[in-house]
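Here the structure is laid out as structure tokens; the discussion comes afterwards.
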Amino acid sequence: AAFDRYIAEVAGRYRGRVNGWDVVNEAVAEDGNGLRDCHWSEALGQDGYIARAFEQAKAADPDAVLFLNDYNLENNPVKGATFLRLVERMLG
């Protein structure tokens, strides 16, 4: 409930006033071998918390562009490949 409430309150407060949201940031481990662990991934699952964050953000601000963001993807092929597989799972 806290996860959903936080996203709804923040994105809802600025609904229609921002173009996009960085919904999930730096989900891929630095070495590219899997995803980072966090409080939310432990509670909702590695992919589960990401999918849920996007669902909640879309509900709170339906016209905003939503981003899954990470860094160093172009310089770390393993990390880039892990990120791509994550995106494919989220779209699939």
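Observations on the model:
- Only helices (runs of 4 or more DSSP H) whose full extent lies in region 15-92 are considered here, and the ones with at least 1 residues that are in contact with a Lys or Arg (Cβ under 8 Å, 6 or more places away or on another chain) are 39-44, 46-60.
- Residues of region 51-90 classified as charged (D, E, K, R) and surrounded by fewer than 16 Cβ atoms within 10 Å (Cβ to Cβ), total: 6
Since every read-out is calculated from the coordinates, none of them should be taken as a lab result. Bear in mind that the values here come from a model prediction, so they are computed numbers and not experimental data. All Cβ positions, even for glycine, are placed from backbone atoms using ideal geometry, and neighbour counts span all protein chains on display.
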